[in-house]
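Asks: My questions all concern the structure below.
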Protein chains: 2
Amino acid sequence: MKSTKYNVPVEATLEVIGGKWKVVILCLLKEGDKRFSELQRAMPVVTKKMLSQQLRELEKDGIINRTVYDEIPPKVEYSLTEEGESLREILNLMCAWGDKRLGNDPDCSGT
Amino acid sequence: MKSTKYNVPVEATLEVIGGKWKVVILCLLKEGDKRFSELQRAMPVVTKKMLSQQLRELEKDGIINRTVYDEIPPKVEYSLTEEGESLREILNLMCAWGDKRLGNDPDCSGT
DNA sequence: CAGAATCCTATTCGATACTG
DNA sequence: CAGTATCGAATAGGATTCTG
């Protein structure tokens, strides 16, 4: 079955991780689970609206898990699903490529 | 030197290949040099304007070469530069990931 | 063939305010 | 803390026309 939706198969990949901030989010999550506020701090130029939008889409597409802890104050943690883990190699390479282009050590944490 | 432009280094990668159709173009070019019209045929939903815009940006960023043959009718060929070649592994993985998600054989040619 | 230029609409996105 | 809702400005992107 060739999908009629895409002309080039890689479009299926882009539909999932092509969002403006999705790869950045995933690169952060591949280093470990993160709370909403942690992601915000790591990406100060991204508004809450944008961030939650991208997170919701990633969740819908089965790439990340959203875990709500029933506490006060609220706590929500995001993590990679298995499907998300299957992107790890791609994410690592993309991070390394960016580092190299910036002339940095191959460290993608951004911290 | 930590770049002040990005908070997470992978953003440098996205600045180069994050454009809406850039990865698709690169996935086509990694299979061999292509003329403008060949790219158009391979991506029918993309307008000429969009296509040439993305091509120009990729050229400006040193990812692809634009070779003009002085013929009538005009002929222009696009190919990966060495910098573009350094993306090959990422492109291959992204293609394979999309194929897998579509349930296809790992063939990214789209033909 | 391989675009560039123009016009115009649809979508994105930021700023701000509000909620459980 | 972790969001949602609303509104307006900016931008992206399609359709069309023109050119060497």
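Asks: Between a first residue in the range B:50-79 that is modelled with pLDDT of 95 or more and a second residue that is part of a helix (DSSP H, G or I) and surrounded by fewer than 16 Cβ atoms within 10 Å (Cβ to Cβ), which pairs have beta carbons less than 6 Å apart while being 6 or more apart in sequence or on different chains?
Replies: Close Cβ pairs satisfying both conditions: B:Gly62/B:Glu83; B:Ile63/B:Glu83; B:Arg66/B:Glu59.
Asks: Okay, next question. Do we have any residue at all in the range A:71-81 that's surrounded by fewer than 16 Cβ atoms within 10 Å (Cβ to Cβ), among the aromatic types (Phe, Trp, Tyr) and outside any helix (DSSP H, G or I)?
Replies: No; the residues of the range A:71-81 include none that is surrounded by fewer than 16 Cβ atoms within 10 Å (Cβ to Cβ), among the aromatic types (Phe, Trp, Tyr) and outside any helix (DSSP H, G or I).
Asks: Give the residues of the range A:38-56 that are among the polar types (S, T, N, Q), assigned to a helix (DSSP H, G or I) and either touching a Gly at 6+ places or on another chain (Cβ under 6 Å) or near DNA strand C (Cβ under 9 Å from one of its atoms) (or both), sorted by residue number.
Replies: Within the range A:38-56, A:Gln53, A:Gln54 meet the criteria.
Asks: Please determine whether any residue of the range A:86-95 is part of a loop (DSSP other than H, G, I, E, B) and either surrounded by fewer than 21 Cβ atoms within 10 Å (Cβ to Cβ) or modelled with pLDDT under 95 (or both).
Replies: Yes, that holds for at least one residue.
Asks: Taking the residues in the range A:57-70 that are assigned to a strand (DSSP E or B) and not β-branched (Val, Ile, Thr) as candidates, determine which candidate is nearest to A:Ala12 (Cα to Cα). Before you say what the answer is, go through the steps one by one.
Replies: Residues of the range A:57-70 assigned to a strand (DSSP E or B): A:64-69.
If we keep only those that are not β-branched (Val, Ile, Thr) too, we end up with A:65-66, A:69.
Details: A:Asn65: 20, A:Arg66: 23, A:Tyr69: 33 Å.
Checked the range A:57-70; the qualifying residue nearest to A:Ala12 (Cα to Cα) is A:Asn65.
Asks: Then there's this: Report yes if B:Leu29 is within 13 Å of DNA strand C (Cβ to nearest atom), in contact with a Leu (Cβ under 6 Å, 6 or more places away or on another chain) and without any contact (Cβ under 8 Å) to a residue 60 or more places away in the chain, otherwise no.
Replies: Here the answer is yes, as B:Leu29 does meet what is asked.
Asks: Please enumerate the residues belonging to the range B:54-79 that are within 15 Å of DNA strand D (Cβ to nearest atom) and not charged (D, E, K, R).
Replies: B:Gln54, B:Leu55, B:Leu58, B:Val68, B:Tyr69, B:Ile72, B:Pro73, B:Pro74, B:Val76
Asks: For the range B:17-37, name all the residues that are outside any helix (DSSP H, G or I) and more than 9 Å from chain A (Cβ to nearest Cβ).
Replies: Correct list: B:Gly19, B:Lys30, B:Glu31, B:Gly32, B:Asp33, B:Lys34, B:Arg35.
The values are calculated or read from the model by the stated rules, or taken from the named source; none is laboratory data. This one's a predicted model, so the numbers in the text were calculated from it and none came from an experiment. All Cβ positions, glycine included, derive from the backbone under ideal geometry; neighbour counts span all protein chains shown.
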